[in-house]
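*Asks:* Below you'll find the structure I mean.
Read-outs throughout are calculated quantities, based only on the coordinates presented, and are distinct from any laboratory measurement. All figures in this text were calculated on a predicted structure; none of them were measured in a lab. Glycine gets a Cβ as well: all are built from the backbone with ideal geometry, and neighbour counts include every protein chain shown.
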């Protein structure tokens, strides 16, 4: 069987082609300076989130480090301990820069975790639907349609109303909101791929469905999935921030960026802008750069726009 | 066509039943409304009395069937908090939300289609790049944050527009709306703009993508070869075809706009349905949550139906496919 396999799929040809493809994608990606800047932004945001405990001058969760007398300090003001709060402090004397770095960590963590789980679930369901075809496919896609016809924010709102609060619950809600996008994307490309000759060849070689789907079909469905994945992750981060802002997302003990912004709202009306504005800028930087990267990827990978 | 509409209606009713069950049972698990409504000093008898008054002492499925029976008669239960019928509470708040949604739609479509078409027509011009950068911002900026920034700029710093609330409503032909009074319009402007931004970005993208893909098609080349003015090709032939995806998406988005108003209404303290649902979730006011969701589902189902019908009017290919 292995000899027949070698004859149909020459071993060294496939990886070389794949490598050339990735190189082409990178070259076209780098053509846009905005996209490169966005990629740098994504890397910066991820590094800031990962390294938050090292970068932050203060641990915002450690109450002993908070100086309640130094609350609501303007950006650049010095605290009584002689430390300069570059982005000011909030109502509890928490250093905003530290709060933002830790908040970013939570926001990104929730966004990426829900994105990865939704991707895995949606991918498996989409591939299964495409492979099964017929009634199973129609049924699964009907659920996807119904799910997608309801706006994400509403579905998440209801789920959180039902589930209660907490990080794992918000991840679950985001996964339920997002899986359908992935399922639909994978199914659409898988249906095209399943009709190609290489799948027929693989079937003739009596490969099992799992091997055909995951080894042969899935790699060819990855480009659109990559685009959807990037953009959905940005959506997830924005959605989490929105839910936290509305007071039904992350609990107060683990303030994500959305919660920080909500905290600053009452002070904003009296001119103390920094508590809301700076976390918002961080959130914006994260979402915008992820979106821009996804956008450029879509332009490159969409065959209809190929020059 | 009739068969198509009837089949869609049947599906819609099924969706409605499924949703009502999911929502009802889901919300039942949330918590105990008696805890919230009864004071802490109340004894067991008092609690049982309140539970019985609210119908909470019966098994869930009995409650559900009672609810379903009443729902079919238009009665979705009484608000635990306000003591008036939930549906009435929602209907009272509905005009404020609709007003907001409609004005935001007008802003999104009125600005989005021309901007997007321009960006698609001259994709490499500086104007197009600015428009697209703006639309990416519109997508990226979370609605609530933009709302806060609008309040900060226009209400706190410049002090030219109010920071929130609906303001006085004017009366015109028996309809009460902020649209009919100047102060009301002032109150309406910021929230409507805030709500419109996301849709505006979406319309710009759809119009641009449609323009770019349509301009490459053979019929455009043919029309140009025939000697038609570019103006006519773009505004008559291309516009008609790019309207198909835009109408579909916008129609579907009308529902999501109503849902999204939850965020805008909370930011701007706008007394609509969205603010009501957030307050109800906070207070575990179950009948209102369930009624709100059912109202939203009905709105969605109706919108989907209308969009499908419109779609087949706009695109003859759909009609042919449905007949075949």
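*Asks:* How high is the relative contact order of the stretch A:182-307, in percent, with contacts defined as C-alpha pairs under 8 Å that are six or more residues apart?
*Replies:* Here the relative contact order equals 22 percent.
*Asks:* Please tell me the relative contact order of the stretch A:238-293 in percent, rounded to the nearest whole number, where contacts are Cα pairs under 8 Å and at least six residues apart.
*Replies:* Value for the stretch A:238-293: 26 percent.
*Asks:* Give the span of the stretch B:213-267's Cα atoms along each principal axis, as three whole-Å numbers ordered largest to smallest.
*Replies:* Result, largest extent first: 54, 16, 14 Å.
*Asks:* Can you give the average number of partner chain beta-carbon atoms within 10 Å of each beta-carbon in peptide B:266-273, as a whole number?
*Replies:* The per-residue average across the peptide is 1.
*Asks:* Let me ask another. For a test of the definition: using alpha carbon positions, the gyration tensor, and the 1.5 limit on a/c, classify the stretch B:251-315 as rounded, prolate or oblate.
*Replies:* Oblate is the answer for the stretch B:251-315, as a/c is 1.5 or above yet b/c matches or exceeds a/b.
*Asks:* Something else now. Report the semi-axes of the equivalent ellipsoid for the stretch B:214-304 in whole Å, largest first, where each axis is √(5λ) for an eigenvalue λ of the Cα gyration tensor.
*Replies:* Working from the Cα gyration tensor, I get semi-axes of 46, 13, 7 Å.
*Asks:* So, in Å, what gap is there between the alpha-carbon centers of the stretch A:94-157 and the stretch B:56-121?
*Replies:* Cα centres, the stretch A:94-157 to the stretch B:56-121: 25 Å.
*Asks:* If you split all Cα-Cα distances of the stretch A:134-229 into 5 Å bins from zero, what percentages do you get per bin, shortest first?
*Replies:* Whole-percent P(r) values from 0 Å outward: 2, 12, 18, 17, 17, 13, 9, 6, 4, 2, 0.
*Asks:* What's the FRET efficiency of residue B:102 with residue A:206 using the Cβ-Cβ distance as r and R₀ = 60 Å, to the nearest 0.05?
*Replies:* Working: r = 60 Å, r/R0 = 1.01.
After rounding, the FRET efficiency stands at 0.50.
*Asks:* For the stretch A:162-243, what's the relative contact order in percent, using C-alpha pairs closer than 8 Å and at least 6 residues apart?
*Replies:* 40 percent
*Asks:* Sort A:167-174, B:295-302 for me by packing, meaning the mean count of neighbouring Cβ atoms within 10 Å per residue, highest on top.
*Replies:* The densest-packed peptide leads the list: A:167-174, B:295-302.
*Asks:* For each of B:202, B:68, count neighbouring Cβ atoms within 10 Å of the residue's Cβ, then give the residues from fewest to most.
*Replies:* B:68, B:202
*Asks:* Provide the FRET efficiency to the nearest 0.05 for the residue B:66-residue B:5 pair, computing r from the beta carbons and using R0 = 45 Å. List each step's numbers first, then the result.
*Replies:* Numbers: r = 32 Å, r/R0 = 0.71.
My answer for the efficiency is 0.90.
*Asks:* Related question: Any chance you could check the Cα centroid distance between the stretch A:162-219 and the stretch A:234-269 for me, in angstrom?
*Replies:* 32 Å
*Asks:* Figure the gain on full extension for residue B:240 and residue B:122 (residue separation times 0.36 nm, minus the Cα-Cα span) and round it to one decimal in nm.
*Replies:* 40.6 nm
*Asks:* Continuing with this model, one more query. Just the Kirkwood number for the stretch A:210-262, please: inverse of mean 1/r across all distinct Cα pairs, in Å, one decimal.
*Replies:* It works out to 13.1 Å.
*Asks:* Give me the inter-chain shielding for A:153-164: mean count of other chain Cβ atoms within 10 Å, whole number please. Walk me through the numbers on the way to the answer.
*Replies:* Numbers: counts 7, 13, 1, 0, 9, 10, 1, 1, 14, 11, 3, 3.
Per residue, the average neighbour count from other chains is 6.
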